[in-house]
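The values are calculated or read from the model by the stated rules, or taken from the named source; none is laboratory data. No experiment lies behind these values; they were computed from the predicted model shown. As a convention, Cβ positions derive from the backbone with ideal geometry for all residues, glycine included, and neighbour counts pool all protein chains shown.
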Amino acid sequence: MSFSTTFVFAITPYHSGRSGDGLAFVICAAPDLSTALPGPYLGLVDPYNKFPATNPFFAIELDTAKDLEFKDIDNNHVAVDLNSLKSASSSTAGYYIDIDDDTEGYATEPSFKALRFSNGNPMQVWVDYNSYNGQLDVALAPVPMSKPSLPLLSYSGYSVNLAKFLGFNDTVHVGFSAATGDEHGGTHQILGWSFSMSGPA
């Protein structure tokens, strides 16, 4: 089940500078997330019951809170979640600029440009998954910048077999989940979305 998706989003805090808890692009085996909790659980998991064991999920989280329970790297990151909010891979939000070779022919290191989610500005995410080799690439950029040539996250591993992970179901459910915390609230908006299983989104 290879796929490609891209979406434009904006996270606007109620109070300047901070917003909780984040937004996630989600693929899950069943549509019912009603038992999942808000706040740091992003509407995806219920730590007090067996959920999500009965409804496995894959998510790309755009997290705006640092939760020690999940060993988050900071309060502004992109992460790959496989049935758990203890992320399989994560990176501070931003994008890479692939610098051309210098005048003497030596390649230079790509330049990283940090982005802040909680500022209300629209940003775009690209997620590309290749089921043949389990390769997952995630890119991020501010609107209207085009897709960076280098992904922010590039992840592969035995566990990135989404068909097996989601139970080889003929049907899966794709969408978004978001949550706000008790102290810092905000709005999470999806401004545009494209999803494809037959080529680039």
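I need the full set of residues from region 113-143 which are surrounded by 17 or more Cβ atoms within 10 Å (Cβ to Cβ) and among the aromatic types (Phe, Trp, Tyr), in order please.
PHE117, TRP126, TYR129
Could you give me the residue pairs with C-beta distances under 7 Å whose first residue belongs to region 110-127 and is farther than 12 Å from ALA10 by Cβ, whose second residue is in a loop (DSSP other than H, G, I, E, B) and charged (D, E, K, R) wherever it lies, and which are 6+ apart or on separate chains?
PRO110/ASP98; TRP126/LYS147
Of all residues being surrounded by 16 or more Cβ atoms within 10 Å (Cβ to Cβ) and modelled with pLDDT of 80 or more in region 153-172, which is nearest to ASN130 (Cα to Cα)? Just the residue, please.
My answer is TYR155.
Applying the selection to region 123-149, what residues are under 15 Å from PRO200 (Cβ atoms) and in a loop (DSSP other than H, G, I, E, B)?
SER146, LYS147, PRO148, SER149
Within region 1-30, can you find the residues that are on the phi > 0 side of the Ramachandran plot and either out of contact with any helix residue (DSSP H, G or I) (no Cβ under 9 Å at 6 or more places or on another chain) or basic (Lys, Arg) (or both)?
Listed by number, the list holds a single entry, GLY17.
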